[in-house]
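Before any comments, here is the structure.
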Amino acid sequence: MVHSDWGDWLPRAVADADPETVALWYLGCNGFAIKGSDGTVLWIDPYLGTGDPPRTTRMIPVPFDPADVTDADALFVTHEHTDHVHGPSQAPILAGTDADLIGPDDSLAVAREENWTDRWDVSDDQFTEIEEGDTVRVGGFAVDVVEVHDPDATHPVGYVIRHDDAAIFHGGDTKHSAVLEAVGERYDVDLGILAFGSAGTIPDKETREPAYTKWYADENEVVDAARAIRADRLLPTHWDMWKGLTADPTALHPHVRSFEYPRSLRIAEIGDRVDL
């Protein structure tokens, strides 16, 4: 069961919003709610768990109870890791709204292995498998599934979320790679959402012995990724989440200022709204 000290104000803010184009709410970690001018609401990688202390310890508030979500037309996930596919965070949203869970094969396998359909009022018909090259249309959004580079995941994907003339890239936990250049060549990316963090020492998953850990792109790598997709704005994520792996996003200012892309840096804290 998820408990939040923030009450239901964030889901209500999403439900009550009437954006002129597209509005996004940063949920912390790598999660977003995205609402278009037509009222369609997408959720991507919402994670409301506290991790697995002391190995992974959540450093930010749990911003809402998923049972309070009333507006959701689809819930997209980028890869199979727990902080991206998580039953207690996501199944209540599916149960309360009849939204589909949309993700690659290994992500949907987690939902099936964890018996979401038995534990919550969720049906297997709500699971939609996608792969690179697919386009999913939900209300006023067209979501293109693109290749990304996350060597820590078994089958990661990224999404280019299009609404009218706006395009948002959500790369999951991707690192910089030549595969991202195809995104920059094909799309005019208004906002690039890219995971950013520090290296640190946290307990190994199996032995629980301290181990050097680097899960996310560092300052130079995240800017290289933003350059590859030619993002007008870079919005770094994940820097706020795990004890020992957090980072300072303001440190990115000197890294971006001499490049053509990204043209600007947009730093969002958990709960912030960003408009396109």
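For this structure, a couple of remarks:
- Estimated FRET transfer efficiency when R0 is 35 angstrom, pair Asp152-Thr128 (beta carbons, to 0.05): 0.90
- Backbone amide hydrogens, once placed in the peptide plane, bring Val22 within less than 5 Å of Leu276, excluding anything fewer than 5 places away on its chain.
- Each Lys and Arg adds +1 at its Cβ and each Asp and Glu adds -1 at its Cβ; summed about the Cα centre, the chain shows a dipole of about 920 debye.
- Radius of gyration and maximum dimension Dmax of the stretch 1-147, Cα, Å: 14.5, 43
- Computed lengthening from Tyr212 to Thr50, 0.36 nm per intervening residue step minus Cα-Cα distance: 56.2 nm
- Selection from Ala217, Val160, Thr40 lying farthest towards where the dipole of the chain points positive, charges on Cβ: Ala217
- Taking amide H positions as modeled 1.01 Å from N, with prolines and chain starts lacking one, the residues under 5 Å from Gly28 and 5 or more places away or on another chain are Gly271.
- The calculated FRET efficiency for the pair Arg257 and Arg112, based on their C-beta separation and a Förster distance of 41 Å, comes to about 0.35.
- The stretch 95-163-the stretch 2-52 distance, computed between alpha-carbon centres (Å): 17 Å
- For Leu48, nonlocal amide neighbours, meaning residues 5 or more places apart or on other chains whose placed amide H falls under 5 Å from its own, are Ser89.
- Share antiparallel - DSSP beta bridges, the chain, percent rounded to 5: 60 percent
A short reminder: the numbers here are calculations on the coordinates, not readings from a lab. Every value quoted in this text rests on a predicted model; they were computed, and no experiment measured them. Positions of Cβ are generated from backbone atoms using ideal geometry, with glycine treated the same way; all protein chains shown enter the neighbour counts.
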